[in-house]
Amino acid sequence: MNMQAMLRQAQQMQKEMLKAKEEIDNTEFEGESSFVKVTLKGDKTVKQVEITAESLDKEDIEALEDMIVIAVNDAQKKIDAETQKKMGKFGNIPGLF
């Protein structure tokens, strides 16, 4: 196989990887535990938190849901920053992290 054919194959694979990543990023995922349901986008951003505890009033639940979303997203940003700090020296290899 010549070099140009290998390069074209690598470029095609890169396009397929980017398309797959975009599909994942646009998908929503739900996690559930007891009285809590969390919806995340494929890029790990929290979209929604639902709490179904009858002992709390509606305003308390909504405030708690908002605080959880903010805290989880903040933690994920810190994870991304630490990952970049430690893994950035290896270059940006798609699919690695």
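Readers should treat all values here as calculations from the given coordinates under stated rules, not as data from a laboratory. All values reported here derive from a predicted model rather than from experimental measurement. As a convention, Cβ positions derive from the backbone with ideal geometry for all residues, glycine included, and neighbour counts pool all protein chains shown.
Structure data summary
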| read-out | value |
| --- | --- |
| Simple Cβ-charge dipole of the range 28-90, Lys/Arg +1 and Asp/Glu -1, about Cα centre, in debye nearest 20 | 760 |
| Which of V72, V38 has the fewest Cβ neighbours within 10 Å, and the rest in rising order | V72, V38 |
| Listed residue pairs exceeding 24 Å between alpha carbons, taken from K21/K44; K21/K47; K19/K47 | none |
| Unit charges at the beta carbon, dipole of the range 1-54: most positive-side option, F35, I24, Q14 | Q14 |
